[in-house]
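Beneath this line is the structure, given in structure tokens, with notes to follow.
The values are calculated or read from the model by the stated rules, or taken from the named source; none is laboratory data. Since we're looking at a predicted model, the values are computed, not measured. Neighbour counts are summed over all protein chains in view; Cβ atoms, including those assigned to glycine, are modelled from backbone coordinates with ideal geometry. The area values use the complete protein model at the heavy-atom level, side chains included, leaving out ligands, DNA and RNA. Shrake-Rupley method; radii C 1.70, N 1.55, O 1.52, S 1.80 Å.
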Amino acid sequence: MRPFEHFNAGTVGEAILAAQGNSRIIAGGTDCLSMVKNRLLPAYPEVLVNIKTIPGLGNIQEDAEGLKIGALTTLANLEDSPTVKEKYGILADAARSIGSPQVRNMATIGGNLCQDVRCWYYRRSPLTGRGYFCYRKGGPVCFAVGGDNRYHAILGGKLCFAVCPSDTAIALTALEADIIVQGKAGDRKIPVKDFFVTMGNVLTPGEIVKEIRVPKPPKEGKQTFLKFRLRKAIDFAIVSVASVIAIEGGVCQDARIVLGAVAPMPIRARNAEEAIMGKTIDTAMAEAAAMTAVAGAKPLTMNAYKIEITKALVKRAILAHRKPAE
Ligand SMILES: Cc1cc2nc3c(=O)[nH]c(=O)nc-3n(C[C@H](O)[C@H](O)[C@H](O)COP(=O)(O)OP(=O)(O)OC[C@H]3O[C@@H](n4cnc5c(N)ncnc54)[C@H](O)[C@@H]3O)c2cc1C
Ligand code: SF4
């Protein structure tokens, strides 16, 4: 690694000031350090602004409105929190599915939302003798389109087809959470569903994620998080689904179904939600709804298999809420 300054911020304001110019925020460092070390950033940062030294950003609190999660809360604390496990179960399940215990002990929820994509062209270090200067790095081409795109987007890709790697983002989208960020101009609240864009997220330079607010989920809403991956541990999703479905008197009253790892951002499967709303759920209906979830899919040359996995997970997520008598 090259020399860089390591600045320990004492407040969010200090971090914002220090994060102007050629710098990078560092929290748990589980993604940031490999990006720096492998020379994957547009410029080698002169300053790493450590926000782990800011007090008060690592707590989970519940009040009448819902949950407030400080951006420095570790994934380990999320998966272990009795409140999160009991009332916001898909968030605990998503956190538990990430990496290894070592990763989860270091990684923060803020960092999980802001982590960079895992496209292997993008992540190939120029130190290996061959880096890929693709669209996402400001280059002229996406190497995945004509190359090995088996893990890339089947929905919503445009110029860049890397998928959003964050598992907590999928759960938080289904829970209709907001992200509170602070920048030079003050605070703003961004719904998680609007946080991600094709080339990353909507943060402006120097803006810092401070807190995640999760409203109370509907009481009757059953939550399910499903993640299909090649290995049972330490692996990113090939496809994931998070759902919150409320059934009263056997009839679906509310449905939120979110697809992960199939697009550059979490995707709400609105067609599938509409297909089950107001209906009594059975296997045929779950299958039909799952078909609609992938109706707009445009697979690349090597990833059409993701369509079948998505359909299977959506169907399972819907049926997980069915009344046991059926
Ligand atoms: C072996 C391994 C397996 C993994 N598997 C998974 C997986 O299955 N699913 C999954 O979702 N993730 C997975 N990850 C990614 C991991 O979850 C992220 O690396 C981690 O969550 C990042 O958190 P961090 O605190 O370490 O962030 P850092 O590495 O410190 O930062 C990551 C990025 O976010 C920015 N950042 C951090 N905090 C903030 C903030 N508060 N405000 C603004 N910007 C910020 C940094 O500048 C940097 O760009 C895996 C990682 C490893 C190493
Ligand atoms: S998918 Fe995105 S990150 Fe990967 S090569 Fe294409 S432009 Fe680059």
Which residues, counting only those in segment 131-141, are in a helix (DSSP H, G or I) and either out of contact with any strand residue (DSSP E or B) (no Cβ under 6 Å at 6 or more places or on another chain) or within 16 Å of ligand 1 (Cβ to nearest atom) (or both)? R136, K137
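hydroxyl-bearing (S, T, Y), more than 9 Å from ligand 1 (Cβ to nearest atom) and under 12 Å from I212 (Cα atoms): is that true of T83 in this structure? Break it down stepwise before answering.
Details: hydroxyl-bearing (S, T, Y): yes; more than 9 Å from ligand 1 (Cβ to nearest atom): yes; under 12 Å from I212 (Cα atoms): no.
For T83, the condition - hydroxyl-bearing (S, T, Y), more than 9 Å from ligand 1 (Cβ to nearest atom) and under 12 Å from I212 (Cα atoms) - is not met.
Check A233, A169, A174 and return the single one that is hydrophobic (A, V, I, L, M, F, W, C), open to solvent by less than 40 Å² (accessible area, probe 1.4 Å), within 10 Å of ligand 1 (Cβ to nearest atom) and touching a residue at least 12 places away in the same chain (Cβ under 8 Å). Break it down into steps so the answer makes sense when it comes.
Numbers: A233 fails: open to solvent by less than 40 Å² (accessible area, probe 1.4 Å); A174 fails: within 10 Å of ligand 1 (Cβ to nearest atom).
The match here is A169.
Of the residues that make up segment 286-306, is at least one on the phi > 0 side of the Ramachandran plot, modelled with pLDDT of 95 or more and surrounded by 22 or more Cβ atoms within 10 Å (Cβ to Cβ)? Can you show your working first?
Filtering segment 286-306 for residues on the phi > 0 side of the Ramachandran plot gives none.
Looking through segment 286-306, none of the residues is on the phi > 0 side of the Ramachandran plot, modelled with pLDDT of 95 or more and surrounded by 22 or more Cβ atoms within 10 Å (Cβ to Cβ).
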When segment 1-31 is examined, which residues are found to be touching a residue at least 60 places away in the same chain (Cβ under 8 Å) and either within 29 Å of F236 (Cβ to Cβ) or in contact with a Cys (Cβ under 8 Å, 6 or more places away or on another chain) (or both)? A15, A19, I25, A27, G28, G29, T30, D31
Given A94, A144, A107, which one is at pLDDT 95 or above, within 23 Å of A261 (Cα to Cα), touching a strand residue (DSSP E or B) at 6+ places or on another chain (Cβ under 6 Å) and surrounded by 23 or more Cβ atoms within 10 Å (Cβ to Cβ)? A94
Against the definition (without any contact (Cβ under 8 Å) to a residue 60 or more places away in the chain, of a type in the set (A, V, I, L, M) and more than 6 Å from ligand 2 (Cβ to nearest atom)), how does V163 come out, yes or no? no
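Under 24 Å from G99 (Cα atoms) and assigned to a loop (DSSP other than H, G, I, E, B): which single residue out of K232, K219 fits that description? So that I can check it myself, show each step before the final result.
Values: K219 fails: under 24 Å from G99 (Cα atoms).
On inspection, the qualifying residue turns out to be K232.
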For segment 197-225, which residues satisfy the criterion of being open to solvent by less than 40 Å² (accessible area, probe 1.4 Å) and aliphatic (A, V, I, L, M)? I208, V209, I212, V214
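Applying the selection to segment 240-279, what residues are acidic (D, E) and not in a strand (DSSP E or B)? Reasoning before the result, please.
First, the residues of segment 240-279 that are acidic (D, E): 248, 254, 273-274.
Once the filter is applied, which keeps residues that are acidic (D, E) and not in a strand (DSSP E or B), segment 240-279 yields E273, E274.
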Any chance segment 177-186 includes a residue that's within 30 Å of I69 (Cβ to Cβ), within 16 Å of ligand 2 (Cβ to nearest atom) and surrounded by fewer than 24 Cβ atoms within 10 Å (Cβ to Cβ)? no
Those residues of segment 101-129 which are outside any helix (DSSP H, G or I) and away from ligand 2 (no atom under 16 Å from the Cβ), in sequence order: A107, T108, G129
All positions within segment 63-82 that are part of a helix (DSSP H, G or I) and either within 16 Å of ligand 2 (Cβ to nearest atom) or buried (at least 16 other Cβ atoms within 10 Å of the Cβ) (or both): L75, A76, N77, L78, E79
For S125, indicate whether it is out of contact with any Asp or Glu (no Cβ under 8 Å at 6 or more places or on another chain), closer than 30 Å to D63 by Cβ and within 16 Å of ligand 1 (Cβ to nearest atom). no
Within segment 147-166, considering residues that are within 13 Å of ligand 1 (Cβ to nearest atom) and open to solvent by less than 30 Å² (accessible area, probe 1.4 Å), the one nearest to the chain's Cα centre (by Cα): S166
